[in-house]
Structures are given as C-alpha cells and as structure tokens.
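Chemist: First the structure, then my questions, so here it is.
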Amino acid sequence: MPSANTPTRTLPTLHEFFAPGGILARSPLPYEHRPGQYEMAKAVERALAERRHLIVEAGTGTGKTLAYLLPALRTGQRVIVSTGTKALQDQLYFRDLPFLASLLGELRVCYMKGRANYLCRHKLYALTRQPVLSGLEEIDEYQQIAAWEKTTETGDRAELSALPESSPLWQKIDARSEACLGSSCPDYRRCFITEMRRRAAESDLIVVNHHLFFADAAVRAEAVAAPDAGILPPAAAVIFDEAHEIESVASNYFGRSLSNVRIEDFIRDADVLVRGKEGSSQIILLAQQLRERARMFFGALPQEGDGRHPFANREEFLESSGDLYLAVQTTLKLLEAEFDRLDEIDEAQGLEARAAALRSDLAYLLEARVENMVFWLERRGGGAFADRDRKTAGVSVPEEDPSHRSARGRTSSPQRAAARSTFLQATPIDVSTLLHELVWDQTPTAILTSATLTVQGGFEHLRRRLGLQETRELIVPSHFRYDRQALLYLPPQMPDPRTPEFVEAAARTIERILRITRGRAFCLFTSYAQMRALYERLLPVLDFPVLLHGSAPRKALLAEFRATPNAVLFGTSSFWQGVDVQGEALSCVIIDKLPFAVPSDPVVQARMKAIEENGGRPFFDYQIPEAVLTLKQGFGRLIRSLEDRGLLVLLDPRIRTQRYGQIFLQSLPPYRLTQNIGDVEEFFAAPEEDENGKGNAQPSN
C-alpha cells in the first residue's frame, strides 16, 4: 500500500550507505564496516522488492535496525515496524530514525502505542463535570492531567513522568476502544487517537509494538468488530523485530479473557459516564447488582491459590454454580437493555456494546467447545510479582505498557490493581494456522528478525510454531569475538537443580564467583521462589550492593544498577531480554537453571499434549527449543559491544550430564568454555589483548 506522499527525492543505495567510505562511514557515529549488516540489508531489500517473507537471525552487534530501516524507506511504500519491547520501540523512534534523518533528510514516520496509553478528552471533560475521585492522590493527579491536556500534542501518558504506572485515575480517562464513541464523539476532531491515525496515514514508516499489532489483527479477524476499533492502516510490509516474541504475544490476542478487574472497570465507567443524567438511576442500581453478583461468581471459581491452573472442569462448575453464572449474564443483559433506552446519552451506545462483549466472552469461556483452545484460570494476589514467570510459561506480559488492553477490552496486565484478581482465559494451543491465515497470507512481505531465532543453526522450530510455510532464511553471525570476549563457566559437581541440595550449592558457587568478578553481575532465575531463596541466603554475606527484582520498577532498578559500582541484580523473567547494559557495570551473568517451561502450566501442558497426539515428542519438539531460545536471550545480556568482556555461568549440570545438553551448547555462540574456576580467576586477573596487541582494560572498582 503506497503511503500518502510518495518520496520525490531519491534515497541512497545500500552500497552508497553501508560501504566503506560511504554515508554511514562519514557519519558522526564511530564507524566499523560490518559485512553482515550489509548482507542483511541486501536480503531485506530483495524480499521487499520480490514480495517474499524473510527470516533473519542477526547476531548481537550486527546493526540490524539500520539494515532493515533503510531498505524499508527505499520502497516508497508504507511499512510497519513492530517491536517486542517498548525499549526497542523507543530506541527506533527516538534514536535510530532521527540519526537516519540527519543523514538522509526529513522522514515521514509515526510512533503508535496501544490506545490505553492515550488520554480521552471526552472522558476527562466528563470527569470534570461529574468528578468521581478517590482521595487526595487522585485529586492531585487529576489537576496535573487537566493542566497537561491543554498543552500536549500527543496525549501520550509517557509525557507524564510523575504519574504512577498503576494510576487508578488514568484508567478512568484513557482512550481504550471499548469506551470509544468513534466519529459520533463531540471531541472526535480533537481526539488524540484521531490525530494518531492521521499521522499514520501520512507516514512511510510506522513504529508499533507486537501487542498493538496483534490486538489490531485480532480485531480485524472479528466480523462484528466496531469499524473504529482497529487503528493500523494497510501496509506493503511488516518488519517484526524481536520476532522470538511473536507466538506468546499472538496467543494472548487470539484468545479470550475475562476478569473481575475488567468488570469493575465497566461498572466504574458506567457510573462516571451516566451518573446524574436522566434515566441513570436504574443503571446505577443494576451496576451495583452486577458488582455483587460478579464477586460471588469469581469467588466460586476453583480455589487453587495464586498462579495459573487448568479449568477443564467447566461442566462441573456450571452444574454446581450455574445459578451464579446466569445471574451475572442476566444482569449484563438488563444493563444492555437500559443503555439501549438512553439514546440521548452519547456514551450509552459504547456501554451497551461493552456489556454485550462481557456477556459474549463469559459465555465463550464457560460454554464454548473449541478443539484448538485451552481453558484455564489465573489468580493474582497483586503486588510486584503478579506477573512473575508468565514468559517462562509461554505467555507474554506487556511490562512496557501496564494499562494496555486489546480492542475487545481484555486486560493485559494486573499491575493496575493491588487487589486480588481472577482471570478466566482461553488461549489457542497452536497459533500457526491463525498466523498463516491472518498475518502471513494477508501481508505481501513479512520480515522476522532477532538475535535468537535458531536452534542448532536452523529455523525449523520457529517456522513450525509460527506457520511460516514459504520463506527465505538468513543467518548473520555476530561480529563480536565471543571466544575472546566471553568465558562460559559450567561449575563441576553441581547437584541436580530439582534436588533440595541445589540451593545451598548454588549459593556457595554464586558467592565465590561474585567475589572474583567483584559484583557487577546479573543473577537470573527461572522462578521467583528460587530467586528469593538465594537472595535471602546471599544478602548477609555479600559485600556488594544487591538489587532485587520487584523492589522497584524495572527501569529504576536498571538505572540504579548502571549507576552503582559493583552492583548485583537478582532478577526473573523480565530481565532475561530487552535489557542493554554496556561496559564494566555488567561483567557477569549467572543463570540458575536451564529455562524449561513449567510442564504443569495449563498452556504448556496443552501444547505438549497436542504435539504428542500428532506423533511428536513434546520434550524435544517444544520444551528444549523454547528453553534454548530463552537461554540465548539470557546470556545475550552480557556482550553488547566490541569492548565488553565478561563471564557467563550456568549452574545447571544437566547441560553437561544429559544428552540433550549438546543441543544447548551447539545453539550458543562460540564462547570459550571451561569447568575450571582457575580459568575464571585468570580471566579477571589480567587485561585481554586484541588481535593488534591493544589491551582491553579490565573492569575496575
């Protein structure tokens, strides 16, 4: 799909830009010609020209963003770039694209987030007329937002640096689609979503994240979707950076979900938008009735503690508690009818649609019989670790966007409330067919890239999981000298991590290693419980500043880690990827276990069962490849530049003692490998000389 304004100027060729002595070499950036970067750029340009799909594993340090951005801009057509994390989305829009613009001239680019990131002026004005604020904190936040609304050009909450991520007030006034009036809204022309769509329609390059892309794809897949629900314009190509995240994110948005949090949102919005208006009294009474009945319904669901559990006994639940289910459905139906009567209230139509969506999702989750769907429930107690370890289980959590909801109103993150939350979920067991039909067949060119896409040098696992049937492939090795820059230490005589002896042995080994490295380390864990156990054992004996995942927001912890000499950070899943700490501050990455998905997790369990029923081997066809990719991501935190040097440690002896351990070793970059602690001490004892005899100075205190 051509963009609104096809470029009249000619952009440089790839050779003119990437070749030694070319435009990039003459730029202010420290220049080093990277043959792999040029090779990737040519492959991307060829795929775009020939309308073919392409998978590229580009090792860390390749410079892959420039390798796909320039070919995308040279097409003269609209291209969407989708990233796995907000950090990379910000890097592309605020660093890489301005750098390209400084070399190429003005670029028509647009930055798009999920609708919940943007202010709804209509809701803000409604709240001004009928304030429903809880305490002095919300009143203060309201005053800040009301003043900011008069000056902001984007309405993006990221501009409000002082606003807490979990602000309850923001949830009352964000622009999520299920409360949107669309073109009938009196503030439609001044709407920030309208303005964002306009900018996108005029742009050659649109930078989004996977959550927004697949939320939009899910809406387009629904025949009954509201016409204004989707926000992405047609494009000639989509480039997925951090493509290893696609399956987990797509699984969220091609499934269904309903929570007590979402119902409370609906009740709150109904109260704010209709209170005080003619005919609203019955709605207020029904909304309170819905709150009471929903609490009884969610309270009656199986009580198995916090975490994720199968919900295979839906029929038994309906037999024992069907009256509670029907009570919620009946109240929602009555609310629909009441909203339908209020034609004179603009908000009534949107609220009617939301009540219908809640009723539809609840019916699906309790009554639907779908082969390719696993039904499960999750209880979250709130607090810092409400999302812990979901990525290990194969379901992503959009940490960069804590208030993001899909266009159908599913809540993607529980960080919005500290109270106990219950989520009913339906997740596709296999998204390959859905992706093939809804994305790959509908997109002329799809480019998938990441530093971690292959297992044992091949893309078979990725292609199978994502339904990529016809695509070109390219592996671009990193130009880092891993055999000189990194040492992989596998401690001998470690007990099996499934035994009680492991924690004590791990504590002794970590303590010894940290004394050699003088801190400056990430200790990454596959579970919160393991992290906490080792943190509590090591905190009294370590002489270094120790930071704990969950004690502060991730961004704040990373900033403190970078600024604190000799710091040690204990982290779980969210620190395994999307984290970039260059230089001396991070000289060691320690991983406790091979990151196998938890086999009792309902989604993992269903996927393994499906593989077995189709004649496959679940452990080798699913668990091992997924663990390989996660391990590559975790180790990838260490070497981020040609100047970095450091130590990688895996405490799990199964990589040496089990035959499948070779699959992991053969999939990792060519690190220098040792089981001798003396090699570790030597590695940190003297500077390493490069090929020209120039020493890489060792990190110092």
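Chemist: For E681, only one of the following conditions fails: (1) within 21 Å of A451 (Cα to Cα); (2) part of a helix (DSSP H, G or I); (3) at pLDDT 95 or above. What is its number?
Modeler: Of the numbered conditions (1) within 21 Å of A451 (Cα to Cα); (2) part of a helix (DSSP H, G or I); (3) at pLDDT 95 or above, the odd one out for E681 is (1).
Chemist: May I pose another question? From the set of residues in region 204-219 that are small (G, A, S) and more than 16 Å from I193 (Cβ to Cβ), which is surrounded by the most Cβ atoms within 10 Å (Cβ to Cβ)?
Modeler: Among residues in region 204-219 that are small (G, A, S) and more than 16 Å from I193 (Cβ to Cβ), the one surrounded by the most Cβ atoms within 10 Å (Cβ to Cβ) is A218.
Chemist: Name every residue in region 438-469 that is more than 18 Å from S667 (Cα to Cα) and in contact with a Lys or Arg (Cβ under 8 Å, 6 or more places away or on another chain), in order of residue number.
Modeler: Within region 438-469, L438, P444, T445, Q469 qualify.
Chemist: Still on this structure, I have one more. Among the listed residues R275, R220, identify the single one that is touching a residue at least 40 places away in the same chain (Cβ under 8 Å), basic (K, R), in the same structural domain as V56 (by TED's automatic domain parsing) and in contact with a helix residue (DSSP H, G or I) (Cβ under 8 Å, 6 or more places away or on another chain).
Modeler: R220
Chemist: Scan region 503-531 for residues that are buried (at least 21 other Cβ atoms within 10 Å of the Cβ), in a helix (DSSP H, G or I) and of a type outside the set (A, V, I, L, M) and jot them down.
Modeler: Selection gives T517 alone.
Chemist: Now for a different question. For region 489-502, check the following and say yes or no: at least one residue is over 24 Å from the mean Cα position of the chain (by Cα) and assigned to a helix (DSSP H, G or I).
Modeler: Yes.
Chemist: Residues of region 58-86 being assigned to a helix (DSSP H, G or I) and not hydroxyl-bearing (S, T, Y), which ones?
Modeler: K64, L66, A67, L69, L70, P71, A72, L73, R74, K86
Chemist: Working only within region 503-532, note down all residues that are of a type in the set (S, T, N, Q) and over 30 Å from the mean Cα position of the chain (by Cα).
Modeler: T509, T517
Chemist: All but one of (1) part of a helix (DSSP H, G or I); (2) closer than 20 Å to P28 by Cβ hold for Q89, so report the exception by its number.
Modeler: Failing condition for Q89: (2).
Chemist: If you take the residues in region 457-492 that are in contact with a Pro (Cβ under 8 Å, 6 or more places away or on another chain) and among the hydroxyl-bearing types (S, T, Y), which one is nearest to E626 (Cα to Cα)?
Modeler: Step by step, filter region 457-492, then rank; the result is S478.
Chemist: Taking the residues in region 161-183 that are of a type in the set (G, A, S) and at negative phi as candidates, determine which candidate is nearest to the chain's Cα centre (by Cα). Talk me through it step by step, then tell me what you get.
Modeler: Within region 161-183, the subset of a type in the set (G, A, S) is 161-162, 166-167, 175, 177, 179, 182-183.
This time we only want the ones that are at negative phi, so: 161-162, 166-167, 175, 177, 179, 183.
Details: S161: 21, A162: 23, S166: 17, S167: 20, A175: 20, S177: 20, A179: 24, S183: 31 Å.
If we take residues in region 161-183 being of a type in the set (G, A, S) and at negative phi, then S166 is nearest to the chain's Cα centre (by Cα).
Chemist: Taking region 6-47 as the region of interest, how many residues are part of a loop (DSSP other than H, G, I, E, B) and either buried (at least 16 other Cβ atoms within 10 Å of the Cβ) or over 30 Å from the mean Cα position of the chain (by Cα) (or both)?
Modeler: Pass one, region 6-47, residues part of a loop (DSSP other than H, G, I, E, B): 6-13, 19-34.
Adding the requirement that they be either buried (at least 16 other Cβ atoms within 10 Å of the Cβ) or over 30 Å from the mean Cα position of the chain (by Cα) (or both) leaves 6-13, 19-28, 30-34.
Looking only at that region, the number is 23.
Chemist: Any residue that is on the phi > 0 side of the Ramachandran plot and either assigned by TED's automatic domain parsing to the domain that holds P233 or without any contact (Cβ under 8 Å) to a residue 12 or more places away in the chain (or both) - is there at least one of those in region 89-102?
Modeler: no
Chemist: R197 is checked against (1) in a helix (DSSP H, G or I); (2) surrounded by fewer than 16 Cβ atoms within 10 Å (Cβ to Cβ) and fails just one. What number does that condition carry?
Modeler: Single failed check for R197: (2).
Chemist: Determine, yes or no, whether D652 is in contact with a Lys or Arg (Cβ under 8 Å, 6 or more places away or on another chain), touching a residue at least 40 places away in the same chain (Cβ under 8 Å) and crowded, with 20+ Cβ neighbours inside 10 Å. Even if it seems obvious, please write down each step before you answer.
Modeler: Numbers: in contact with a Lys or Arg (Cβ under 8 Å, 6 or more places away or on another chain): yes; touching a residue at least 40 places away in the same chain (Cβ under 8 Å): yes; crowded, with 20+ Cβ neighbours inside 10 Å: yes.
Yes; evaluated as a whole, the condition is true for this residue.
Chemist: From the list T630, T572, which one is surrounded by 17 or more Cβ atoms within 10 Å (Cβ to Cβ), hydroxyl-bearing (S, T, Y), in contact (Cβ under 8 Å) with a residue 12 or more places away in the chain and out of contact with any Lys or Arg (no Cβ under 7 Å at 6 or more places or on another chain)? Explain how you work it out, then say what you get.
Modeler: Working: T572 fails: out of contact with any Lys or Arg (no Cβ under 7 Å at 6 or more places or on another chain).
Result: T630 is the single residue among T630, T572 that is surrounded by 17 or more Cβ atoms within 10 Å (Cβ to Cβ), hydroxyl-bearing (S, T, Y), in contact (Cβ under 8 Å) with a residue 12 or more places away in the chain and out of contact with any Lys or Arg (no Cβ under 7 Å at 6 or more places or on another chain).
Chemist: How many residues are modelled with pLDDT of 95 or more and among the acidic types (D, E) if we restrict to region 341-365?
Modeler: Looking only at that region, the number is 1.
Chemist: Let me ask something additional. Could you list all residues from region 168-194 that are in contact (Cβ under 8 Å) with a residue 60 or more places away in the chain, of a type in the set (S, T, N, Q) and surrounded by fewer than 23 Cβ atoms within 10 Å (Cβ to Cβ)?
Modeler: Once the filter is applied, which keeps residues that are in contact (Cβ under 8 Å) with a residue 60 or more places away in the chain, of a type in the set (S, T, N, Q) and surrounded by fewer than 23 Cβ atoms within 10 Å (Cβ to Cβ), region 168-194 yields Q171, S184.
Chemist: Here's another thing I want to ask about it. For the list (1) of a type in the set (F, W, Y); (2) surrounded by fewer than 22 Cβ atoms within 10 Å (Cβ to Cβ); (3) modelled with pLDDT of 95 or more, I need the number of the one condition that F480 fails.
Modeler: Only one criterion in (1) of a type in the set (F, W, Y); (2) surrounded by fewer than 22 Cβ atoms within 10 Å (Cβ to Cβ); (3) modelled with pLDDT of 95 or more is unmet by F480, namely (3).
Chemist: Out of everything in region 25-72 that is among the hydrophobic types (A, V, I, L, M, F, W, C) and at pLDDT below 95, what residue ends up being farthest from T10 (Cα to Cα)?
Modeler: Among those that are among the hydrophobic types (A, V, I, L, M, F, W, C) and at pLDDT below 95, it is L29.
Chemist: Being modelled with pLDDT under 95, surrounded by fewer than 18 Cβ atoms within 10 Å (Cβ to Cβ) and under 29 Å from T564 (Cβ atoms) is true for just one of N692, N696. Which residue is that? Please lay out each step first, then the result.
Modeler: Numbers: N692 fails: under 29 Å from T564 (Cβ atoms).
Answer to the check: N696.
The values are calculated or read from the model by the stated rules, or taken from the named source; none is laboratory data. Keep in mind it's a predicted model, so treat the numbers as computed, not measured. Cβ: placed from backbone, ideal geometry, glycine included. Neighbour counts: every protein chain shown.
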